[in-house]
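Every read-out reported here was derived from the displayed coordinates using simple, explicitly stated rules and does not represent laboratory data. Predicted model only: the values in this text are computed from it and were never measured. FYI the Cβ positions are ideal-geometry reconstructions off the backbone, even for glycines, and counts take in every protein chain you see.
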Amino acid sequence: MINLTRLNGDSFTLNAIYIEQVQSFPDTTLTLHNGKKLVVKESHEKVISLTKQFYRQVGLVGVQVEKEGDSS
């Protein structure tokens, strides 16, 4: 879950798994998998950063560590 802010200042929590698209029009607009659109105060970059952080927390994105001597 990520914490975001609507343009009117109301904060809310969104399950980032449902975000399908992030656009800047110039306001940051999120399109969810069900077609619903949300406009938020956070920048495009901030939403992406929060989403990646959430994915790491829930184990959807792993950290790749290259082993010493492994050139593959």
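Rounded to the nearest 0.05, what FRET efficiency is calculated for Phe25 and Met1 with R0 set to 35 Å and r the Cβ-Cβ distance? E(calc), rounded to 0.05, equals 0.90. Full extension of the chain segment joining Ser11 with His33 gains 5.8 nm, where the gain is 0.36 nm per residue of separation less the Cα-Cα distance.
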